[in-house]
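What follows draws every value from the coordinates through simple rules; no lab data is involved. This structure is a prediction, so every number in the text was calculated from the model and none was measured. Here Cβ is always computed from backbone atoms with ideal geometry, including for glycine, and neighbour counts include all displayed protein chains.
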Amino acid sequence: MAQELQGVCEAIALLDPKTRRRLVEIALENGYAAKDVAAIMGVSPAAVSRYIHESLSPSTETLCKMIHGIDPETRTKILAEAAYALWSALERLLQALPPSPDKMLLAERIADKVSIILAETTISSRSREEVV
């Protein structure tokens, strides 16, 4: 895996199954056929179908292969969705936790992961809605 995407892959590991499946859907929505996505990911077209129909969630390694092998424009859209999902999870988590030093450490850690993803895209100064 390319060194520059290592931080992104670590952040992808934090995503829930629904978001992982959504990342595959974005590739399909951007002109990739299921067989092409499957080839990039190193899985069967049937596995891609199961990702889309929510009976299976792609692994971190499989998603990282897709992110690495997809075109830059689609990669940007995928990473924007991942960053948005992580940021939304952080907001929900922080609202649920009582104030504490641990809460702030957790917030900083997740914010760092989101910033790593955004650094790999060209969208850091634009809103998610403009990209996705």
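Side notes on the structure shown:
- Residue within the stretch 92-101 that is surrounded by fewer than 19 Cβ atoms within 10 Å (Cβ to Cβ), touching a residue at least 60 places away in the same chain (Cβ under 8 Å) and touching a helix residue (DSSP H, G or I) at 6+ places or on another chain (Cβ under 9 Å) present: no
- In the set (1) within 18 Å of Asp16 (Cβ to Cβ); (2) assigned to a helix (DSSP H, G or I); (3) over 15 Å from the mean Cα position of the chain (by Cα), the condition left unmet by Met66 is number (3).
- Answer from Ser55, Ser49 - the residue that is part of a loop (DSSP other than H, G, I, E, B) and over 22 Å from Ile116 (Cβ atoms): Ser55
- Any hit, the stretch 1-22, residues being part of a loop (DSSP other than H, G, I, E, B), in contact (Cβ under 8 Å) with a residue 40 or more places away in the chain, in contact with a Cys (Cβ under 8 Å, 6 or more places away or on another chain) and surrounded by fewer than 17 Cβ atoms within 10 Å (Cβ to Cβ): yes
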